4 protein chains.
Amino acid sequence: MCRWMAWLGQPVLIEELLFKTRHGIVDQSLHARMGAEPTNGDGFGLGWYGGGDGPALYRSVAPAWGDPNLRELAAHIESPLFMAHVRAAIGSPVQETNCHPFRDGRWLFLHNGFVADFALLRRDLMLAIDPARFADVHGSTDTEVLFHLALTLGLQERPVEALEEVVGFVEETARRHGVSDAVQATFGVTDGETLWAVRYATTGPARSLFASADVDAIRRLHPENERLQRLSPDDRLIVSEPFADLPGVWQEIEQGTAVTVRPGGVLHHQPFVPRAPALATATAQAADG
Amino acid sequence: MCRWMAWLGQPVLIEELLFKTRHGIVDQSLHARMGAEPTNGDGFGLGWYGGGDGPALYRSVAPAWGDPNLRELAAHIESPLFMAHVRAAIGSPVQETNCHPFRDGRWLFLHNGFVADFALLRRDLMLAIDPARFADVHGSTDTEVLFHLALTLGLQERPVEALEEVVGFVEETARRHGVSDAVQATFGVTDGETLWAVRYATTGPARSLFASADVDAIRRLHPENERLQRLSPDDRLIVSEPFADLPGVWQEIEQGTAVTVRPGGVLHHQPFVPRAPALATATAQAADG
Amino acid sequence: MCRWMAWLGQPVLIEELLFKTRHGIVDQSLHARMGAEPTNGDGFGLGWYGGGDGPALYRSVAPAWGDPNLRELAAHIESPLFMAHVRAAIGSPVQETNCHPFRDGRWLFLHNGFVADFALLRRDLMLAIDPARFADVHGSTDTEVLFHLALTLGLQERPVEALEEVVGFVEETARRHGVSDAVQATFGVTDGETLWAVRYATTGPARSLFASADVDAIRRLHPENERLQRLSPDDRLIVSEPFADLPGVWQEIEQGTAVTVRPGGVLHHQPFVPRAPALATATAQAADG
Amino acid sequence: MCRWMAWLGQPVLIEELLFKTRHGIVDQSLHARMGAEPTNGDGFGLGWYGGGDGPALYRSVAPAWGDPNLRELAAHIESPLFMAHVRAAIGSPVQETNCHPFRDGRWLFLHNGFVADFALLRRDLMLAIDPARFADVHGSTDTEVLFHLALTLGLQERPVEALEEVVGFVEETARRHGVSDAVQATFGVTDGETLWAVRYATTGPARSLFASADVDAIRRLHPENERLQRLSPDDRLIVSEPFADLPGVWQEIEQGTAVTVRPGGVLHHQPFVPRAPALATATAQAADG
């Protein structure tokens, strides 16, 4: 169980969202309300676009609530697009290479959820990664493998379709191994301009995921709230759980849905339908052969 | 808010108490029930007597629940007397020198609670430390200062009286600075043979503290419990909160009480009555003069 | 033994100086040439001015050469004024609160060298800190104490004079305790606009310190060097040891000297003459009385 | 480049060899003399047999020279058989799962050297690991992969032969990828009773490796040395580089050699001759097919 958030909008000091909201992601590292576990203290990560080339990463094994460096960076770095993740490890070691977001070139990726029986499936999933990318897997999480599968399947050309194929492939691989309920996932992906988010579960309710509502509506509903009045129509947030219980500010993203956030605050929904890619078939044959 | 435990009895693998009890101290690092906060994830410490000279310390800034080294040590080190502490930092940095237990020669010391307005009192309290010990204070917690005050006031000759004087001195110093409710404390102290524990608050209810009941009684009450049947009459535990909700196993130590545990499982109670030591008067005069 | 550097000039990506120079400060963490020890692997710190309010700090106990986060920050943060320090601990613990630079408001401070017999002098030095600042000392280095002494003595109004008084006070305190050769120091100080640096030793040769030469001269001397051609007349570097052995690029700062670097690349030298402040006398009397 | 040591003999406090020898392994973390690099500061590990079940591990990303916990453990744990390793990372992250020794059941394994172009070969090497063991690879070093290959090839039944096959397989895989000079290695392996060590390089001189001489000879040569007089005939050390320059104490293990140390101090030499195992052929065919 983890929690994550992504911001796309006007450039803001990162602390505005990490530390200055009442129930922001750092507070969620200690007191998550909607997850299986309240504590997400097994490391964290922050990825942002700003100075320099491509996205920057700051990842640490410390709990987010107690890391003075995170507080420093958040108070001094401004960004129009960033993602943060607080981790609750389920089995894999607490190490920076297991912290989200993961990066490839201009792309960032993060995940809340799991691949069921990952130890059993890990080899088959890793074999399906483009061999040229195999050595880029430095950690031991399911997420890093999913990311490299997505890159293999075209994440950078057609992000939602590639993730549908990743999930389809994992489900098919799981089925061959007799594993059910293969995937629990909310994903966040960005190339530095557009933001995609997915909410999906093979079976049963998926992990929670919310988008901020249209800024006009938010401001009309809460005219007395100074923070909310500072929002511009360009701003959009995607979060594992709402930062506060203000009515009308958050809309739940429905299960089995992918959303696309484009500059200007445009939010587009589409169904998320896993399908097995060609590679799954090939690999399955090799494995069965 | 922190949680601690101390064991004096037959030599046991440390994991028996840290990891194999249902609601042991490591579980309490994630899910404390009786404290102000459920999470004690800002580092931990383990002090034990066994091989080598004097007590050994293992302290880390990682949360206890996720540190693989703690699990290793607990599974491979046997000890007749050890103490463990999981920390919830309140203001001071997460660093090993702020982790309990603290050590001087053969002595170990740990603490749950706080000195109110410690930043305001810190200088006066540190001035009262024996100048020869001043440079031994490496961290920034109230606990480390209390420990060095106790050493200054004779902890190694008359532990309970020295702690009564420490608390009396802090209360008097607080009063001079206009600080009320100065001390919230459970203390654990040992010289490697005897174990002392204190429960005290200047005002209101003190932090919780429990001793394990007589082993004969425990075994009679729970004849079906294999773990409890392995206890010997020599064994005694002091804990911030019970490891499990078994009736008759734990007795609350009353507020304003010091207990002494001697080899053989002997448990002695006495009132804990803070009194200002001579040094407090001298320092107060200097400060007022 | 430590190494440090400071940049004041045109805004640059920090990595240009930390990682892209041949023998920059990160290389010096592994292979210092002019220090007592080649290895400065006991933590590091980076302080910079840029976004947000006041200077930002990133400090870590990891060796600078191996920390992926430092590499990330350096590649994505641009600053017109920053300082970096790599630490070789001499006795005090490896913890973030012992890493330089230290900060107060808009001020940053760092140091290479030591106070002789610091454990013996620590109490007297800490007593001379403004009591309102006493609780701000979180670590256990001599440097942090020197910084708070300097703040007490007016660093923010007259930086060089305050440091002269700090050193004078330490030397006087050392003398009273029978300690000779009290201070070995290069200091770096900034308020975000001006940069001061000091090179001094009570006895014998002081730690090395260099300033970059005038940019016009540098460019004329090395017309073929692209990196050096990118320097502007506003740029000035202060370093513990030169980044490369190019003739004419570095000028040694003489022992017993303070330099002031102002925007525009102006470099001013003045003698650095320790003198005991009034407070030293008062404290000495109290101690003797 | 790394340094390691292994002790098999009378039970000793671990600090006797880690900290109390003049140029022990911890000193080598800062000042190695015979390696490509003097600094081995990218984490360390200690594995020992003693209390509890099977070997214990303590691994940390801190430099060995500065870790207070290592000093504590070494001063309080006694063991008749232990291994220590200080790491100089070459490319892979500094994380505990990349620190040696690696463990499987009662077995410990460590390595100094490298697989050339490991990123290129990693996938083929990991595919040859027994699928049931695949998910046990948590880090990203070549060593961990070599260990799991060795386990796959029968390390626990015939350690030297299994390592010969591992090296043969890596050389063959490298050849297929056009990589020459595939393996540089000294290995240390133990099951808790016997100790094996290997020195080998595909091409050119191998990393250094030494065994301590017969204790009788050592004591005759250095009658005045108290530490050496305490050695018993059962004691044997294997080290990457000698702890001190005493004549007659250390014998170099020749390149292309495996040694076996059995209880009682017995030291047996045999040639180490890599050979490709059956699995190499099968995998090669699959890869070519």
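Scanning region C:229-257 for residues that are surrounded by 14 or more Cβ atoms within 10 Å (Cβ to Cβ) and acidic (Asp, Glu) turns up C:ASP234, C:ASP235, C:GLU241.
Any residue at all in region B:26-43 that's at pLDDT 95 or above and of a type in the set (A, V, I, L, M, F, W, C)? No, every residue in region B:26-43 fails to be at pLDDT 95 or above and of a type in the set (A, V, I, L, M, F, W, C). Scanning region B:29-45 for residues being away from chain A (no Cβ under 14 Å) and crowded, with 24+ Cβ neighbours inside 10 Å gives a total of 1. Within region C:51-70, the set of residues being among the small types (Gly, Ala, Ser) and either touching a helix residue (DSSP H, G or I) at 6+ places or on another chain (Cβ under 8 Å) or within 8 Å of another protein chain (Cβ to nearest Cβ) (or both) comprises C:GLY51, C:GLY52, C:ALA56, C:SER60, C:ALA62, C:ALA64, C:GLY66. Going by what's in this entry, would A:SER92 be described as part of a loop (DSSP other than H, G, I, E, B), among the polar types (S, T, N, Q) and within 12 Å of another protein chain (Cβ to nearest Cβ)? For A:SER92, the condition - part of a loop (DSSP other than H, G, I, E, B), among the polar types (S, T, N, Q) and within 12 Å of another protein chain (Cβ to nearest Cβ) - is met. Of all residues assigned to region C:128-147, at least one qualifies as being buried (at least 23 other Cβ atoms within 10 Å of the Cβ), at the interface with another protein chain (Cβ under 7 Å from one of its Cβ atoms) and within 30 Å of B:LEU125 (Cα to Cα).
Every test in (1) within 13 Å of chain B (Cβ to nearest Cβ); (2) over 17 Å from the mean Cα position of the chain (by Cα) is passed by D:TRP48 save one, and that test is (2).
Do the conditions hold for B:ASP124, that is, is it closer than 23 Å to B:ARG87 by Cα and of a type in the set (D, E, K, R)? Even if it seems obvious, please write down each step before you answer.
On the way: closer than 23 Å to B:ARG87 by Cα: no; of a type in the set (D, E, K, R): yes.
Criteria not met by B:ASP124.
Of all residues in region A:148-165, those that are crowded, with 24+ Cβ neighbours inside 10 Å and either over 15 Å from the mean Cα position of the chain (by Cα) or acidic (Asp, Glu) (or both) total 3.
Scanning region D:171-191 for residues that are touching a residue at least 60 places away in the same chain (Cβ under 8 Å) and in a helix (DSSP H, G or I) gives D:GLU171, D:GLU172, D:THR173, D:ARG176. Among the residues of region A:127-159, those identified as under 27 Å from A:PRO271 (Cα atoms), outside any loop (DSSP other than H, G, I, E, B) and not hydroxyl-bearing (Ser, Thr, Tyr) are A:ASP142, A:GLU144, A:VAL145, A:LEU146, A:PHE147, A:HIS148, A:LEU149, A:ALA150, A:LEU151, A:PRO159.
Name every residue in region A:222-242 that is hydrophobic (A, V, I, L, M, F, W, C) and either under 17 Å from A:MET34 (Cα atoms) or in contact with a Leu (Cβ under 6 Å, 6 or more places away or on another chain) (or both), in order of residue number. Full working, then the answer.
Quick first cut of region A:222-242, residues hydrophobic (A, V, I, L, M, F, W, C) only: A:228, A:231, A:237-239.
Result: A:ILE238, A:VAL239.
Listed by first and then second residue, the pairs with beta-carbon distance under 7 Å, at least 6 apart or on different chains, first residue in region A:99-127 and touching a residue at least 40 places away in the same chain (Cβ under 8 Å), second among the hydroxyl-bearing types (Ser, Thr, Tyr) and assigned to a helix (DSSP H, G or I), are A:HIS100/A:THR143; A:PHE102/A:THR143; A:HIS111/A:THR143; A:LEU121/A:THR173; A:ASP124/A:THR173; A:ASP124/A:THR283; A:LEU125/A:THR173; A:LEU127/A:THR283. Residues that are at pLDDT below 90 and among the hydrophobic types (A, V, I, L, M, F, W, C) within region B:244-266 comprise B:ALA244, B:LEU246, listed in sequence order. The set of residues from region C:80-91 being out of contact with any Asp or Glu (no Cβ under 8 Å at 6 or more places or on another chain) and without any contact (Cβ under 8 Å) to a residue 60 or more places away in the chain comprises just one member, C:GLY91. For region D:71-89, filtered to residues that are at the interface with chain B (Cβ under 9 Å from one of its Cβ atoms) and of a type in the set (D, E, K, R), the residue that is surrounded by the fewest Cβ atoms within 10 Å (Cβ to Cβ) is D:GLU78.
Every residue in region C:195-250 that is polar (S, T, N, Q) and either farther than 22 Å from C:HIS268 by Cα or not in a loop (DSSP other than H, G, I, E, B) (or both), please. Of everything in region C:195-250, those that are polar (S, T, N, Q) and either farther than 22 Å from C:HIS268 by Cα or not in a loop (DSSP other than H, G, I, E, B) (or both) turn out to be C:THR202, C:THR203, C:SER212, C:ASN225, C:GLN229.
Pull up region D:65-79, narrow it to residues that are touching a strand residue (DSSP E or B) at 6+ places or on another chain (Cβ under 9 Å) and without any contact (Cβ under 8 Å) to a residue 40 or more places away in the chain, then point me to the one that is farthest from D:CYS99 (Cα to Cα). Break it down stepwise before answering.
Applying the first criterion (touching a strand residue (DSSP E or B) at 6+ places or on another chain (Cβ under 9 Å)) to region D:65-79 yields D:65, D:67-70, D:72-79.
Checking which are without any contact (Cβ under 8 Å) to a residue 40 or more places away in the chain leaves us with D:65, D:67-69, D:72.
Values: D:TRP65: 15, D:ASP67: 15, D:PRO68: 18, D:ASN69: 16, D:GLU72: 19 Å.
Restricting to residues being touching a strand residue (DSSP E or B) at 6+ places or on another chain (Cβ under 9 Å) and without any contact (Cβ under 8 Å) to a residue 40 or more places away in the chain, the top hit is D:GLU72.
Taken together, A:LEU153, A:LEU195, A:LEU149 contain a single residue that is out of contact with any Asp or Glu (no Cβ under 9 Å at 6 or more places or on another chain) and within 26 Å of A:GLY105 (Cβ to Cβ), which is A:LEU195. In region B:95-119, the qualifying residues are those that are within 11 Å of chain C (Cβ to nearest Cβ) and surrounded by fewer than 19 Cβ atoms within 10 Å (Cβ to Cβ), and the one that is nearest to B:LEU57 (Cα to Cα) is B:ALA119. Remark: D:VAL26 matches the filter, which requires a residue to be more than 12 Å from chain B (Cβ to nearest Cβ) and buried (at least 21 other Cβ atoms within 10 Å of the Cβ).
Restricting attention to region D:258-277 and to residues that are over 21 Å from D:ALA217 (Cα atoms) and in contact (Cβ under 8 Å) with a residue 60 or more places away in the chain, the residue that is surrounded by the fewest Cβ atoms within 10 Å (Cβ to Cβ) turns out to be D:GLN270. When C:GLN184 is tested against (1) touching a helix residue (DSSP H, G or I) at 6+ places or on another chain (Cβ under 7 Å); (2) at pLDDT 95 or above, exactly one condition is not met: (1). Among the residues of region A:90-107, just one is among the aliphatic types (A, V, I, L, M) and closer than 22 Å to D:GLY43 by Cα, namely A:VAL94.
Does B:PHE134 satisfy the criteria of being modelled with pLDDT of 95 or more, closer than 22 Å to B:THR97 by Cα and in contact with a helix residue (DSSP H, G or I) (Cβ under 6 Å, 6 or more places away or on another chain)? For B:PHE134, the condition - modelled with pLDDT of 95 or more, closer than 22 Å to B:THR97 by Cα and in contact with a helix residue (DSSP H, G or I) (Cβ under 6 Å, 6 or more places away or on another chain) - is met.
The values are calculated or read from the model by the stated rules, or taken from the named source; none is laboratory data. Since the model is a prediction, treat every value here as computed from it, not as a measurement. Ideal geometry is used to build each Cβ from the backbone, glycine not excepted, and the neighbour counts take in all protein chains shown.
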